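See below for the structure under consideration.
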Amino acid sequence: PIIIEDDRTGLSIETIRRALLDNLYYVQGKTPQTATKNDFYMALAYTVRDRLLKRWLSTQLTYRKTPVKTVSYLSAEFLLGPHLINNLISLNLYDPFKKAIEESGLNFQELVDQEEEPGLGNGGLGRLAACYMDSLATLEIPAIGYGIRYEFGIFDQEIKDGWQVEITDKWLQYGNPWEIARPEFAQLVKFGGYTESYYDQDHIYRVRWVPRYTVNGIPYDTPILGYRVNTANTLRLWKAEASESFNFERFNVGDYYGAVRDKVACETISKVLYPNDEQIQGKELRLEQQFFFVSCSLQDMIRIHLNKNASLDNFHEMWSIQLNDTHPAIGVAELMRLLLDENNYDWDTAWNITKNTFAYTNHTLLPEALEKWPLNIFGRMLPRHLEIIYAINHRFLDEVRIHYPNDVSKLACLSIIDETGEKYVRMAHLACVGSFAINGVAALHTELLKSDVLRDFYELYPEKFSNKTNGVTPRRWMVLSNPRMSFTICEKIGDSWIKNLDDLRQLEGYAEDGGFRNYWQQIKKEVKQDLANYIQAKLDIKVDPHSLFDVQVKRIHEYKRQHLNVLNIVTLYNRIKNNPNLDVTPRTFIFGGKAAPGYFMAKLIIKLINSVADVVNNDPVICDRIKVIFLPDYNVTFGQRVYPAADISEQISTAGKEASGTGNMKFSLNGALTIGTLDGANVEIRESVGAENFFLFGLTTEEVYAIRANRYTPRDYYNSDEELKAVLDLISTGFFSHGDPNLFRPIVDNLLYSDPYMLLADYRSYVDAQDAVGCAYRDQDHWGRMSILNVARMGKFSSDRSIKDYCNDIWKTKPFAIDVPE
Ligand code: 26V
């Protein structure tokens, strides 16, 4: 029989090839003769998109007609990474597409490399949101992600003369084939102005908000496919545009240019991602961004809800809204406003719905990252919300007074309004009061929330607190990024681990198989060679794939202590200089990470890394035994190259500072061993893989607190450790700065006279642990065993496990399988 395949859905190589040409011609408007690489990439992307639409539409139609409880994940950041390969893997279409492209005479990898990754996040928090979207879809949980469609994502980083230079990220400039605009679902968002009260037709007291201006939110939808299931959930990101009414008013008074200027001002709301994670600056535009996307999202949820429900009475039974940190916490007040002012609910009913809808995840212990908004800014932009927050606070403090009849100090500690000096709205307090669940992102972090950052809330509402240790998706962070290792694992234990990561435990047995260990190390070598080739091509530096690859990739921050890593490198350098015949394990130190543009110390740390690299890499005495590489523009795409190639993973934050970390998990899942402190999820990783397969060093959180309580004097460590003294002295003399003793003085002085992250206290323990790493690496056979055991025992750290825990304990949602017709 003659089989005629549809060009949009057919899966044979022939049909895919024809579809590619069709999309190139009819969507890109090009023929193969005139097409650029990007045109071919776009045609490829549309051809893949055609093949996922059936699942996406079926899923959305199913959700529309079925009364299922839906998870709404509110996040100011989604750090997705490239879609193309991820979607091909989910659809199980990687092989036919690769074949079709190659049979068309095109270079598959070259086209894949054309994709601009959507860098709509800073780091850990945004990447976690992306992993969670993947797991929600794979687990067939009805879910929708809401966020902001930044026109400019996280900046691109270039290194000039060792310094970071920021370049704007124009990720949309050649078009984005993975999104579909839905202007028919636009939402209006109000800002500024004043409120007034009135009596409605039933003589009930109501409040009306008369805004100074309104902004239009246009949703752009991206499909999020589950792995080998029919579910395709939606990530809905909002773009800000000027609203019609607004233009019209200006226009009427004849101020055409004024109207255009205001139009541009509105559109700045979704222009650019704020690039400073872990450091708040009370910038109005940032508050505008937060309220903008939260208001759009809540109105959208209400629209969807009323499509299939008679009223909002059961809103909290049909939705769980997860607040990804406090960035969307204004949602608590906005949902109250929507229920009270726009749907005429009474306070108690509205509050009951609200507080049973929201759940809050905290992602940081750093005091400088806890969001608070100056009252005057807040009141000017959101006058109605400030009234509502006062009313929430009033009732909340009454409850506190009943709980602590004779303790006025509790009121000041717990109040949503900080009145200790300049007045602020404390967003974490609003989130805690307005949520039925509060969680930290690793066991240690949750304990520290309960005992420290949110202690008073824990005392008041112990039942709201739980831990949800972070996880990462094995689809992107193993299958996609490390096909060689994934294939090797599949050959031994099948492929069930991709969806049930605990199945990796079946590898444990093979750790005792000498042949397999050998093969395992061989695979690692090949992956390292890939990275070495990339470094050669990108930076023109030769690295030896037989050397130990020691990797630290993450945002640059003092608490993450990239400079502690540098102190160890300089220690090794000194040792070799003092004894050129020293038998050291050859090592390649690889760094990557961006610094917030206004964070002086972080930028200086980048300069220090590059300056040390310059000296070490070019010193003939070192003779290539240690190499230092700073890879510019660390992002998801580069993460996919570097995690698989690492031998040792640097997780060296000061104990009690890193909430969880997720890079630590990606490394270990790719067979790297960890050198790390007892911080964040490192604690649980070490428990899982076994203490004997983990290089531990450093102070514990309790010891950090104890030393601080007794006044920490970093100078003592400098004075009593010869090697440490030599390292700091060498940097101080200007040895790494062409004789300039001032360049790195801020770093050295900070360490000697304040050292808030206790590098000097941890130095000796770190250097000794690094020596142990170097020794251990010489026994390749034993290293291979430890590496296999790391992978075999990391099942817990799948984001599937995290999402199941959220579903069972917090959201009370169940999977709902999707049928796709014919
Ligand atoms: C704060 C701000 C302040 C205003 C400007 C923009 C911005 C963006 C992000 C943040 C907070 C970032 C908090 C964060 O990324 N925390 C990380 O969350 C990871 C996922 O839970 C966790 O693994 C990391 O340990 C934690 O640092």
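Readers should treat all values here as calculations from the given coordinates under stated rules, not as data from a laboratory. Just so you know, these numbers come straight off a predicted model, no measurement behind them. No Cβ is skipped: glycine too gets one built from the backbone with ideal geometry, and neighbour counts run over all protein chains shown.
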(request) Distance between Cα centroids, the range 334-360 to the range 497-527: provide it in whole Å. (result) 52
(message) Which one, His445, Val48, Val260, projects farthest toward the positive side of the charge dipole computed for the chain from Cβ point charges (K/R +1, D/E -1)?
(response) Val48
(message) Considering only C-alpha atoms, what is the centroid distance from the range 1-53 to the range 803-822, in Å?
(response) 33
(request) Could you tell me which of rounded, prolate or oblate describes the range 543-783, using a ≥ b ≥ c as the square roots of the eigenvalues of the alpha-carbon gyration tensor, with rounded for a/c under 1.5 and, failing that, prolate when a/b is larger than b/c and oblate otherwise? (result) rounded
(request) Provide the packing ranking of 537-543, 552-558, 16-22, 651-657, i.e. peptides ordered by the mean count of other C-beta atoms within 10 Å per residue, highest first. (result) 651-657, 552-558, 16-22, 537-543
(request) Using just the helices of the chain, give the 222 nm mean residue ellipticity in deg cm²/dmol: DSSP H runs with n ≥ 4 each add -39,500 (n - 2.57), and the total is spread over all residues, rounded to 500. (result) -14000 deg cm²/dmol
(request) Would you please give the FRET efficiency between Thr268 and Val621, computed as 1/(1 + (r/R0)^6) with r the Cβ-Cβ distance and R0 = 35 Å, to the nearest 0.05? (result) 0.05
(message) Strictly over 20 Å apart at the Cα level, which of Lys283/Lys450; Lys603/Lys725; Lys160/Lys594; Lys410/Lys450; Lys554/Lys725; Lys271/Lys657 would you flag in this model?
(response) Lys283/Lys450; Lys603/Lys725; Lys554/Lys725; Lys271/Lys657
(message) Using +1 at the C-beta of Lys and Arg and -1 at the C-beta of Asp and Glu, which of Leu789, Ala129, Leu724 has the Cα lying farthest in the positive direction of the dipole of the chain?
(response) Ala129
(request) Between Lys308 and Asp809, with labels modelled 7 Å along Cα→Cβ, what's the label distance in nm to one decimal, could you check? (result) 2.8
(request) Under a cut-off of 22 Å between alpha-carbon atoms, report the lysines in cross-link reach of Lys54, not counting same-chain residues fewer than 8 places apart. (result) Lys65, Lys98
(request) For the chain, calculate the relative contact order in percent as a whole number, restricting contacts to Cα pairs under 8 Å that are 6 or more residues apart. (result) 13
(message) Taking the Cα centroid of the range 534-579 and of the range 70-87, what is the distance between the two, rounded to the nearest whole Å?
(response) 32
(message) I'd like the Karplus ³J(HN,Hα) series for the range 745-754: coefficients 6.51, -1.76, 1.60, θ = phi - 60°, whole numbers in Hz, and an x wherever there's a Gly or Pro.
(response) 4, x, 6, 5, 5, 4, 5, 6, 10, 9
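With only Lys, Arg, Asp and Glu charged, each at its Cβ (+1 for the first two, -1 for the last two), find how big the charge dipole of the range 543-783 is about the Cα centre; round to the nearest 20 debye.
That gives the range 543-783 a dipole magnitude of about 720 debye.
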(request) Go through the range 579-586 residue by residue and turn each phi into a ³J(HN,Hα) via Karplus (6.51, -1.76, 1.60, θ = phi - 60°); whole Hz please, and just put x for glycine and proline. (result) 8, x, 8, 3, 8, 9, 6, x
(message) Please list, in order, the residues from the range 296-322 whose amide nitrogen is less than 15 Å from a point placed 7 Å along the Cα→Cβ vector of Phe185.
(response) 296-308
(message) Need one number: nm distance between label points at Glu244 and Glu422, each 7 Å from Cα along Cα→Cβ, rounded to one decimal.
(response) 4.1
(request) Lys and Arg at +1, Asp and Glu at -1: add these up for the other residues within a Cβ distance under 11 Å of Tyr63 and post the number. (result) +4
(request) Please get the size of the charge dipole for the chain, origin at its Cα centre, with Cβ charges of +1 on Lys and Arg and -1 on Asp and Glu, quoted in debye to the nearest 20. (result) 600
(request) Considering the options Cys432, Ser12, Tyr599, tell which one lies farthest towards the positive end of the dipole of the chain, charges being +1 on Lys and Arg and -1 on Asp and Glu at the Cβ, about the Cα centre. (result) Ser12
